[in-house]
Amino acid sequence: MADTFTFELVSPERLLVSSEARQAVIPGSDGEMTVMPDHAPVMTTINPGVVRVTDGSGTEERYVIFGGFADILPASCTVLAESAIHVDDANSEQVEGWINEAHERMEKMDSEEEKADMATYLHQLSTIKNTVIPA
């Protein structure tokens, strides 16, 4: 069994990371998913949340992502995110802006289904704010 696998996080703007990883925790559509070397092949949608990547030396990096897909193979994991930033690049004002924008969009929605989806997104943003941004 290999000790590491190739992990890549890609957003439409850029490649955020391409490195060897010991494990990666991604916010899968059915809950958090831990990817390790020799993982069974899976393709899944991912929710907004935090991706945690641990390299071969045990150092963890965290990235805030806003949905997308993960393609997981025994020797690699590629996350194609709708949008992503390193947690060091996120700040409370930015996250508050996203939350306020989501509230404004929700007020203009007519469909209860759209409102329910936006409420879920707002909950995920609040979780990101409370998990990632120092108080």
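The values are calculated or read from the model by the stated rules, or taken from the named source; none is laboratory data. All values derive from a computational prediction rather than experimental measurement. Neighbour counts run over all protein chains shown; Cβ positions are idealised from the backbone, glycine included.
Return the residue satisfying two criteria in turn: it lies in the range 30-55 and is among the small types (Gly, Ala, Ser) and more than 13 Å from residue 79 (Cα to Cα), and of such residues it is modelled with the lowest pLDDT. Only one residue tops the list, namely 31.
Among the residues of the range 92-104, none qualifies, meaning not one is under 17 Å from the mean Cα position of the chain (by Cα) and among the small types (Gly, Ala, Ser).
Conditions (1) over 21 Å from residue 99 (Cα atoms); (2) crowded, with 19+ Cβ neighbours inside 10 Å; (3) among the acidic types (Asp, Glu), marked per residue:
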| residue | (1), (2), (3) |
| --- | --- |
| 9 | yes, yes, no |
| 13 | yes, no, yes |
| 32 | yes, no, yes |
| 59 | yes, no, no |
| 64 | no, yes, no |
| 68 | no, yes, no |
| 73 | yes, no, no |
| 83 | no, no, no |
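Kindly establish whether residue 67 is under 18 Å from residue 131 (Cβ atoms), touching an Asp or Glu at 6+ places or on another chain (Cβ under 6 Å) and without any contact (Cβ under 8 Å) to a residue 40 or more places away in the chain. Don't jump to the end; show me each part of the working.
Values: under 18 Å from residue 131 (Cβ atoms): yes; touching an Asp or Glu at 6+ places or on another chain (Cβ under 6 Å): yes; without any contact (Cβ under 8 Å) to a residue 40 or more places away in the chain: yes.
Criteria met by residue 67.
Is it the case, given these coordinates, that residue 105 is closer than 20 Å to residue 14 by Cβ and basic (Lys, Arg)?
Numbers: closer than 20 Å to residue 14 by Cβ: no; basic (Lys, Arg): yes.
Here the answer is no, as residue 105 does not meet what is asked.
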